[in-house]
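These notes are about the structure you will find just below.
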Ligand code: FES
């Protein structure tokens, strides 16, 4: 059984907010809370410092890869100079089909968010 981690008051996890909780990045994408492991599959940036884009994806703070928070799969590969590397985008998207970000479960208890 995995350890339960307190994230904080639900009221502080408004739309677009992402924060860290133990090994997880916890956030609110379009009103839905999500929990994914917090290391980017590219160069292990901390996804708890990421943001949410217009499509409800988690955006890596370092090179802008985006993740589907429901599946843990990369939707768009690393941007900037990395976007010019042939096959890199497809390679990472394929990698995360096999090894997606881990997902946790989120619950609300007496106004506080807890994950495990
Ligand atoms: S570390 Fe996340 S896209 Fe590069």
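Nothing in this text is a laboratory measurement; each read-out follows from the coordinates by a stated rule. Note that this is a predicted model, so its numbers are computed, not measured. Neighbour counts are summed over all protein chains in view; Cβ atoms, including those assigned to glycine, are modelled from backbone coordinates with ideal geometry.
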| task | Test each condition in (1) within 21 Å of residue 105 (Cα to Cα); (2) within 13 Å of the ligand (Cβ to nearest atom) for residue 8 and report the one that comes out false. | result | (2)
| query | Since residue 94 meets every condition but one in (1) outside any strand (DSSP E or B); (2) more than 10 Å from the chain's Cα centre (by Cα); (3) surrounded by fewer than 20 Cβ atoms within 10 Å (Cβ to Cβ); (4) within 14 Å of the ligand (Cβ to nearest atom), which condition does it not meet? | reply | (4)
| said: Can you find, within the stretch 76-86, the residue that is nearest to the ligand (Cβ to nearest atom) among those that are crowded, with 16+ Cβ neighbours inside 10 Å and without any contact (Cβ under 8 Å) to a residue 40 or more places away in the chain? | reply: 78
| task | Sort out which residues of the stretch 38-51 are more than 7 Å from the ligand (Cβ to nearest atom) and within 15 Å of residue 20 (Cβ to Cβ), and write them in order of number. | result | 38, 39, 46, 47, 48, 49, 50, 51
| query | Among the candidates 8, 27, which residue alone is in a strand (DSSP E or B), out of contact with any helix residue (DSSP H, G or I) (no Cβ under 6 Å at 6 or more places or on another chain) and crowded, with 19+ Cβ neighbours inside 10 Å? | reply | 27
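Quick check, is residue 72 assigned to a strand (DSSP E or B), surrounded by 14 or more Cβ atoms within 10 Å (Cβ to Cβ) and in contact with a helix residue (DSSP H, G or I) (Cβ under 8 Å, 6 or more places away or on another chain)?
Criteria not met by residue 72.
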